[in-house]
1. Can you tell me which residue in region 194-208 is surrounded by the fewest Cβ atoms within 10 Å (Cβ to Cβ), limited to those that are polar (S, T, N, Q) and closer than 14 Å to Ala137 by Cβ?
2. Give the residues of region 321-371 that are assigned to a strand (DSSP E or B) and not hydroxyl-bearing (Ser, Thr, Tyr), sorted by residue number.
3. Tell me which of these His155 doesn't satisfy, since it passes every other one: (1) more than 19 Å from Glu192 (Cβ to Cβ); (2) in contact (Cβ under 8 Å) with a residue 40 or more places away in the chain.
4. Output the number of residues of region 163-192 satisfying the condition of being surrounded by 15 or more Cβ atoms within 10 Å (Cβ to Cβ), touching a helix residue (DSSP H, G or I) at 6+ places or on another chain (Cβ under 9 Å) and charged (D, E, K, R).
5. Could you identify the single residue in Ile167, Ile114 that is within 30 Å of Glu377 (Cβ to Cβ) and at pLDDT 80 or above?
6. Among the residues of region 74-90, is there at least one that is out of contact with any helix residue (DSSP H, G or I) (no Cβ under 9 Å at 6 or more places or on another chain), at pLDDT below 75 and not acidic (Asp, Glu)?
7. What residue, among those in region 397-422 that are surrounded by 14 or more Cβ atoms within 10 Å (Cβ to Cβ) and over 17 Å from Phe353 (Cα atoms), is modelled with the lowest pLDDT?
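The values are calculated or read from the model by the stated rules, or taken from the named source; none is laboratory data. Only a predicted model underlies this, so the values are computations on that prediction, with no experimental measurement involved. Using ideal geometry, Cβ is built from the backbone for each residue, glycine included, and neighbour counts are taken over all protein chains shown.
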Amino acid sequence: MEYKYFRWNVIIRISLIILFGYGSVYVITQTHFWLVSFWLILALIVTLINLVRYVERSRRELANFLLAIKQQDFSNTYHYKKEDDLNYAFHEINQVLKTLRNEKASNLIYLQTIVEHVRVALVCFDDQMRVQLVNHAAKELFDKNLITSIRSLKHLSEELRDTITNIKNGERELVKLTLGGKLMNLSILATEFKLQDEAFKLVSFQDIKSELEANEIESWQKLIRVLTHEIKNSVIPISTLSDVILQMIKDDSGQPDLSKLDDEGIEDLVGGLETIESRSKGLANFVKTYDQLTKVPKPDIQTVKVEELISRLVNLFKADIDQNLIQLALNLEEELTIEIDPDLIDQVLINLFKNAIEALQGQKKPTISLHAHRDEEGTSITVSDNGPGIPDEIVENIFVPFYTTKTSGSGIGLSLSRQIMRLHKGSLEVRSTKDRGTSFLLKF
C-alpha cells in the first residue's frame, strides 16, 4: 500500500513540474505576460523542491530510526495511517526492540538477584584481572566492600591470589586460609568463557571445612576399624600362643623347667614359636605396607601418549588375557596425550586391570574395555569389565586403606591408586551395577 501511495505522490509532483515548466516556456515565448511566467517558474521551483524533500523523507526517517536503535532510544512514537506501511513497520520494530530491552533488563535484575542470594562466593574477572562481578557472599568472605582487582587479594593470601590466577577451566583446588582468625578450607572452582571476544573467568569459593571434618572423622573411623581388625588378627594369636608356651615350660611353682618337655612337647614348642614368628612378620609387613601408603613419591610429570600407555599395559597382561580367554575392547582417541608421571599411572592401571581380570573368573564371555577420550572437562581413561559387579555395601569401603575382601589382598591397591590420582590433580571414581560389571574412571 505504501509503495502505491508513494508512486502516485511522485507522479502528481512530476506532472505538476512538467505542466509548470511547459506553461512558463509557453508564456515567455508566445505572450507578454511576464508576471505570469514568473509565478509559473516560482511554482516550478517550489514543486521541484517539494518532490526532492518528499523522496528523501523516507530515507531521513529510516536514518533517524536506525540511529535511535544504535543509541537504544525507543521513546519515539511513530504515528501512521492505514496506507502508511513504512511508519507502521517502524512502529512495530520499535515495539519489539522496546520489549526485548525490557526483557533484557528484567533478566539482568533476575540474574543479579540470584547471584546476590546464593551463599557461594562468586567473583568474575577479565584477562586483565579486573573484577567485573562480585556478589555479597564474596564481599563477606574476604571482608571487603569493594573488590576491583584480583591483585588486591594478595594481602589476604598470596597462595589464594596465585590459585585464582592460575586455576584452569573446570579445575577444582583446595586452599587453606585464615580470615578474621577463622581457619577456612576453601573449595575453588573455575569456569572460563567468552563474551564478545573478551575472555572472562568465573570463580566460586565455598568453605567446606565442616564437610571435610565430617569426612575426615568418617575416614578415620573406617581406617581404625580396619587397623583394629588386622592388628587383632595378629596380636591375639601371638598372645594366646605365648600363654600356652609359658604354661608348657613352667613347673608347678611357676619357675621355668625345660626338663619336663618330651619330644612331642618340644615339637609343639617349636611349632608355637614358628607361628609367633610368622604372625610377627605379617604384622611387620602390615606396618611396612602402611608406610608405603604414606610415602607416595611426588609425580615426575611428562607428556605421554595414551596409546603407548595402554599398549604397555596390554602387553604386560597378554598372557593372562590369553589364558582366561578375555576379549579386549579398545576405544582410544587418536593422538591423545596427557601430562602424567608414567610410572605412577602405570601402577594405577596395572592394579585396576588386575582387579578386572580377577573379577572375570568364571564369567561367560569375559570382556575388559579400555576407553580414553578428551572433552571440555579434561582427559578420561576408563577400565571396565562385565563381571558380577561390586555389592553396594562394599563399594563405599573399597578405597579405605587395608580394606579387602580377598584372602591374599593387602587392601591398599585402590587407596594408593586414588592417592596417586589426587597427586595428579585428578580423581578415581567407581561405577558398578550388579550382574552388569564395574567401571573405574580416571579423570585428569
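1. Initial filter on region 194-208 (polar (S, T, N, Q)): 196, 204, 206.
Imposing the further condition that a residue be closer than 14 Å to Ala137 by Cβ reduces the set to 204, 206.
On the way: Ser204: 20, Gln206: 17.
Looking at the filtered set, the residue picked out is Gln206.
2. Our first condition is that a residue be assigned to a strand (DSSP E or B); within region 321-371, this holds for 327-332, 337-340, 367-371.
Answer for region 321-371, where residues must be assigned to a strand (DSSP E or B) and not hydroxyl-bearing (Ser, Thr, Tyr): Gln327, Leu328, Ala329, Leu330, Asn331, Leu332, Ile338, Glu339, Ile340, Ile368, Leu370, His371.
3. Against the list (1) more than 19 Å from Glu192 (Cβ to Cβ); (2) in contact (Cβ under 8 Å) with a residue 40 or more places away in the chain, His155 comes up short only on (2).
4. 1
5. Values: Ile114 fails: at pLDDT 80 or above.
Among Ile167, Ile114, only Ile167 is within 30 Å of Glu377 (Cβ to Cβ) and at pLDDT 80 or above.
6. Initially, region 74-90 is screened for residues out of contact with any helix residue (DSSP H, G or I) (no Cβ under 9 Å at 6 or more places or on another chain), giving none.
Within region 74-90 (the criterion being out of contact with any helix residue (DSSP H, G or I) (no Cβ under 9 Å at 6 or more places or on another chain), at pLDDT below 75 and not acidic (Asp, Glu)), the answer is no, since none of the residues qualifies.
7. Tyr403
Each row is one residue, and each column tells you yes or no for (1) within 33 Å of the chain's Cα centre (by Cα); (2) surrounded by fewer than 16 Cβ atoms within 10 Å (Cβ to Cβ).
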position: Leu325; (1), (2): no, yes
position: Leu330; (1), (2): yes, yes
position: Glu335; (1), (2): yes, yes
position: Val348; (1), (2): yes, no
position: Phe353; (1), (2): yes, no
position: Gly362; (1), (2): no, yes
position: Ile368; (1), (2): yes, no
position: His373; (1), (2): yes, yes
